[in-house]
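Written below as structure tokens is the structure these notes are about.
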Amino acid sequence: MKISPKLICCFLLLVFLSGCKKSSSTQETSTTKPEPAASTEAAPATMAPVASAPAAASAETTAKMAAAEWALKQDEIKKDPKGQWAIQATASSTYNDAQGMAGLSANQSTGSPNVDSYGDNGAAWTSKTPDGGIEWLDLKYPKPVHATEVRIRESCGSGAAIKIEVYDEQGGGHAVWQGTDPTTELNYLMVKFPKTTFKTDRVKITLATNVVPGWNEIDAVQLVGTDQ
Ligand SMILES: [Ca+2]
């Protein structure tokens, strides 16, 4: 489907990250410039330790528990009644200048998540170059809401987001988060913030693609909010 340098690049990234396992190591969340106070977490945030079990069984059990926890969290987010998935998207650039619903186009970040494993996948958006620097994804939602959270499902080269903005009904942009993205592997960057006083149906995500080497892909983005 795509040219080999990209595949090689992503493969090397996967090797570097020890494969696309569906598990999450606990990460310190570091937000360098919260504006206003926002919190981030990768889902699941923690893995429950298994106390005083035999070493081998413990490792296997812990891995299974982490995988189950991951699946439950994915399902919970997908079905969140306060969450909406984007219906339209544009981007600073797309791989191979993909337009419309072509693989890796901006619109591949609309709808509910449809990438099932970490790695390069046409069902996600990525930029024209892997490490060029600043890129953005601008998403439109069906219903304006007072927003409380944005959940970005990252599916390859995770961890490159640096800013999230939501737009009011007059078209003014408001930064709800700026910082360092702790996301690893196939997971959500979940950013909570004080409920916006205005209603919004538009989210813009800025990435610094040079932060995480290789292709940085976004599968889906959920806007969470309420009518009141
Ligand atoms: Ca997708």
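The values are calculated or read from the model by the stated rules, or taken from the named source; none is laboratory data. None of these values were measured; they are calculated from a predicted model. Using ideal geometry, Cβ is built from the backbone for each residue, glycine included, and neighbour counts are taken over all protein chains shown.
What the table below lists for this structure:
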quantity: Residues satisfying the stated conditions in the range 104-114, i.e. farther than 16 Å from Leu72 by Cα and surrounded by 19 or more Cβ atoms within 10 Å (Cβ to Cβ); calculated: Leu104, Ser105, Ala106, Asn107, Gln108, Ser109, Thr110
quantity: Among (1) within 16 Å of the ligand (Cβ to nearest atom); (2) assigned to a strand (DSSP E or B); (3) not acidic (Asp, Glu), the one test that Gly225 misses; calculated: (1)
quantity: Qualifying residue in the range 152-175 (condition: over 12 Å from Lys204 (Cα atoms), among the basic types (Lys, Arg) and within 13 Å of the chain's Cα centre (by Cα)); calculated: yes
quantity: Some residue of the range 146-156 being among the charged types (D, E, K, R), within 12 Å of the ligand (Cβ to nearest atom) and at pLDDT 95 or above; calculated: yes
quantity: Meets criteria (of a type in the set (Gly, Ala, Ser) and closer than 15 Å to Ser127 by Cβ) for Ala175; calculated: no
quantity: Test: residue in the range 135-148 that is closer than 30 Å to Thr226 by Cβ, in a strand (DSSP E or B) and hydroxyl-bearing (Ser, Thr, Tyr); calculated: yes
quantity: In the range 90-123, residue nearest to the ligand (Cβ to nearest atom) [restricted to those that are part of a loop (DSSP other than H, G, I, E, B) and among the β-branched types (Val, Ile, Thr)]; calculated: Val115
quantity: Check on Ser52, away from the ligand (no atom under 16 Å from the Cβ) and at pLDDT below 95; calculated: yes
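Yes/no matrix, rows are residues, columns are (1) of a type in the set (Ser, Thr, Tyr); (2) crowded, with 21+ Cβ neighbours inside 10 Å; (3) farther than 16 Å from Gln88 by Cα:
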site	(1), (2), (3)
Leu137	no, yes, no
Pro144	no, no, no
Gly173	no, no, yes
Gln178	no, no, yes
Val191	no, yes, yes
Pro194	no, no, yes
Ile205	no, yes, no
Pro213	no, no, yes
Val221	no, yes, no
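Each row is one residue, and each column tells you yes or no for (1) within 26 Å of Gln99 (Cβ to Cβ); (2) of a type outside the set (S, T, N, Q); (3) touching an Asp or Glu at 6+ places or on another chain (Cβ under 8 Å).
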residue: Trp136; (1), (2), (3): yes, yes, no
residue: Ser155; (1), (2), (3): yes, no, yes
residue: Ala160; (1), (2), (3): yes, yes, yes
residue: Asp168; (1), (2), (3): no, yes, no
residue: Ala175; (1), (2), (3): no, yes, yes
residue: Thr180; (1), (2), (3): no, no, no
residue: Lys192; (1), (2), (3): no, yes, yes
residue: Asp201; (1), (2), (3): yes, yes, no
